[in-house]
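These notes are about the structure you will find just below.
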Amino acid sequence: MTSIGTGYDLSNSVFSPDGRNFQVEYAVKAVENGGTAVGIRCKDGVVLAVEKIITSKLLKPGANRRISTVDRHVGIVSAGLAPDGRHFVSRARDEASSWRSVYKGPIPISALANRLGSYVQAYTLYSSVRPFGVTSILGGWDSEAELAVDGQVGSGPQSGAGGKVKGAKSGGPGLYMIEPSGLYWGYYGAATGKGRQAAKAELEKLDLASEKLSLHDAVKEAARIIYVAHEDNKDKEFELEMSWISSLEGPTKGRHEEVPKELLEEAERAARRALEGDDEDEEEGAKGNEQMEE
Amino acid sequence: MNHFPGTWGRPRDDVYGPYDSSYLRSTGPKAHTQSPAVTGTSVIAVKFNGGVAIAADNLASYGSLARFTDVKRLRVFGDAAVVGFSGDVSDMQYIDRLLESMDIRENYSAHGNQLNAKNLHTYLSKVLYKRRSEFNPLWNHILVAGFDGEKKPFLSSADLLGTTFSAPHLATGFGAHLAIPILRRLFPEERPIEEITKEDAIKALKECLKVLWYRDARSLDKYSLAVITQEGIEVQEDQQIEAQSWAFAETIKGYGAQTV
């Protein structure tokens with residue numbers, strides 16, 4: 001790396017003469033070594049999935065979860081340094097609960113992404129701290145129905161002031177990815193971690209912007225994408241962890257929950273089948289070539 | 001609470017002579033947090049074979065004014081319990097938010113160990129006791145209905161001092177005086193809970209609510225009723241007390257405009 005020996009990478013919050021912050025770039029490197037995480041946003045919900053590399057046979061399968069619930073309607077998955085991810089989730093929970101204590105209702109996904117983005121960005125400004133070694137994918141569902149205010153006991157006046165627009169549509173899915181620099185964007189499909197390039201290529205094929213993919217299909221696609229992204233890291237075993245948030249009419253009723261075991265297993269079987277199918281095609285292709293040579 | 005005993009009521013001057021109140025304290029600190037403002041009256045609940053039924057009317061009174069008539073005093077906690085609140089409504093809202101935040105925290109991980117009604121009652125009674133120990137009580141008397149850890153119907157109460165009490169049927173406020181005797185007659189101690197059906201319990205609660213509506217001046221004829229069974233929680237709000245008969249009122253003597 002050209003930066004080594006120049007001295008501009010030794011402290012946080014110091015720019016190099018060509019306008020780079022090396023500590024932030026090194027944090028991104030830490031993310032690039034983490035297990036792949038993806039998020040898919042569709043019309044009726046959001047799916048989060050992560051490739052959990054098994055570092056030891058002594059670890060209990062299914063334990064040490066990597067996707068966390070932040071509030072009833074929000075989940076976070078991160079790639080990179082797991083302890084940084086945990087601290088990040090803890091901060092997200094504090095933000096969500098402080099929002100509730102002020103506004104007496106659930107935090108909108110965009111507001112949470114904004115607050116977390118600001119929080120991460122602050123860690124690029126001071127020499128006493130280092131940037132977060134995680135890129136986090138934040139998924140949630142803003143209620144489309146009018147929610148009762150927390151602690152509300154009655155329905156209030158039936159007429160008079162209020163200024164509500166009748167039939168106004170609100171709420172829906174939210175998916176954001178927050179990087180070590182504090183940069184965050186909203187996405188239809190987000191991927192981070194070691195296999196992000198392969199995962200992004202697969203996500204782009206899904207045409208998520210047209211919002212035609214259903215939540216159930218998104219679960220299967222997310223599983224398949226994690227399996228595809230794992231192809232470059234085949235020597236290591238992994239576990240697939242997935243969670244989802246659906247609309248109020250959907251299977252989770254606007255809550256962030258683990259994908260049920262049966263559906264997860266079904267999605268994993270389909271993912272393996274899809275991969276095997278690809279391999280067979282390749283083998284057949286290879287045979288064809290041999291024959292051609294003969 | 002009024003901390004000046006001089007206003008608590010005293011013997012009649014015309015019978016007993018002027019009362020010597022010189023020993024009583026007539027000034028002292030103001031204690032705003034120690035008097036309820038907007039209040040709900042009784043909550044009543046009965047255990048039956050396979051569950052618990054609980055009811056409360058939809059009124060929040062401001063002193064003797066029937067101020068809010070669509071107040072939900074039965075609060076559902078997760079899918080495990082119903083908490084019925086009497087006493088101060090703003091303190092009820094505080095507790096409701098407290099339970100909400102606890103529910104969110106409990107569900108950060110899906111470990112499958114949900115809090116049951118018994119856990120919830122223990123927690124609430126300790127919150128109430130802590131606050132009374134700080135001389136800043138939460139002015140509520142609550143009933144917690146649901147199931148305990150062994151999946152048996154659970155019903156228990158906790159008051160503003162943190163006192164807990166448990167029985168097959170319970171009532172708070174005026175109901176403790178008016179509903180409990182009715183419930184004891186309907187469901188005597190020797191009658192096992194297994195013999196009480198859900199319908200019996202609901203019928204008894206409706207009967208008690210009607211008596212309370214007749215005789216408790218801070219009550220309402222609109223009420224909510226929740227039934228908790230292993231199948232889940234069923235809450236009916238905006239119910240109306242039916243088949244009222246005020247004929248008995250004619251025979252009551254001793255107050256009002258009667259001259260006889």
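The values are calculated or read from the model by the stated rules, or taken from the named source; none is laboratory data. Here the structure is a predicted model, which means the values were calculated and not measured. Note: ideal-geometry Cβ built from the backbone for every residue, glycine included; neighbour counts use all protein chains shown. To get the accessible areas, we keep the full protein, side chains included, count just its heavy atoms, and leave off ligands, DNA and RNA. Shrake-Rupley method; radii C 1.70, N 1.55, O 1.52, S 1.80 Å.
Interface A-B: total buried accessible area of about 1300 Å², 1.4 Å probe, protein heavy atoms only.
When only Cα pairs under 8 Å and 6 or more residues apart are kept, what is the percent relative contact order across chain B?
24
Mean-square fluctuations from a GNM of chain A, with a 10 angstrom spring cutoff on Cα atoms, peak among A:ALA96, A:ALA49, A:ALA122 at A:ALA122. In plain terms, chain A is cut at each of the chymotrypsin sites (Phe, Trp or Tyr not before Pro) found in a DSSP loop with at most 12 other Cβ atoms within 10 Å, and the longest leftover piece is A:127-294. Remark: mean inter-chain Cβ contacts per residue of B:106-114 equal 3, using a 10 Å Cβ-Cβ cutoff to other protein chain atoms. Computed over chain A, relative contact order equals 26 percent, with contacts defined as Cα pairs under 8 Å that lie 6+ residues apart.
Here, chain A is characterised by an Rg to Rh ratio of 1.04, where Rg is the alpha-carbon radius of gyration and Rh the Kirkwood radius. This model, with +1 at the C-beta of Lys and Arg and -1 at the C-beta of Asp and Glu, gives chain A a dipole about its Cα centre of some 1920 debye. Charge dipole (Cα centre; +1 on Lys/Arg Cβ, -1 on Asp/Glu Cβ; no other charges) of the protein assembly as shown amounts to roughly 3000 debye.
Accessible surface for the protein assembly as shown, divided over its residues, is 54 Å² per residue with a 1.4 Å probe.
At most 13 other C-beta atoms within 10 Å and a DSSP loop state: those are the exposed GluC sites (Glu not before Pro) I care about. Give me the longest piece of chain B that has none. Within chain B, the longest run free of exposed GluC sites (Glu not before Pro) spans B:1-133.
For n ≥ 4 DSSP H runs only, could you compute -39500 (n - 2.57) per run for the protein assembly as shown, divide by its residues and tell me the 222 nm figure to the nearest 500? That comes out to -10500 deg cm²/dmol.
Kindly identify the stretch B:45-168 as rounded, prolate or oblate by the Cα gyration tensor criterion: order the square roots of the eigenvalues as a ≥ b ≥ c, call it rounded if a/c is under 1.5, otherwise compare a/b with b/c, prolate if a/b is larger, else oblate. Prolate, because a/c is 1.5 or more and a/b exceeds b/c.
Per the Debye formula on identical point scatterers at the alpha carbon atoms of the protein assembly as shown, with no solvent, log10 I(q)/I(0) at q = 0.06, 0.11, 0.12 Å⁻¹ is -0.45, -1.07, -1.17. Assuming charge only on the beta carbon of Lys and Arg (+1) and of Asp and Glu (-1), the dipole of chain B about its Cα centre is about 680 debye to the nearest 20.
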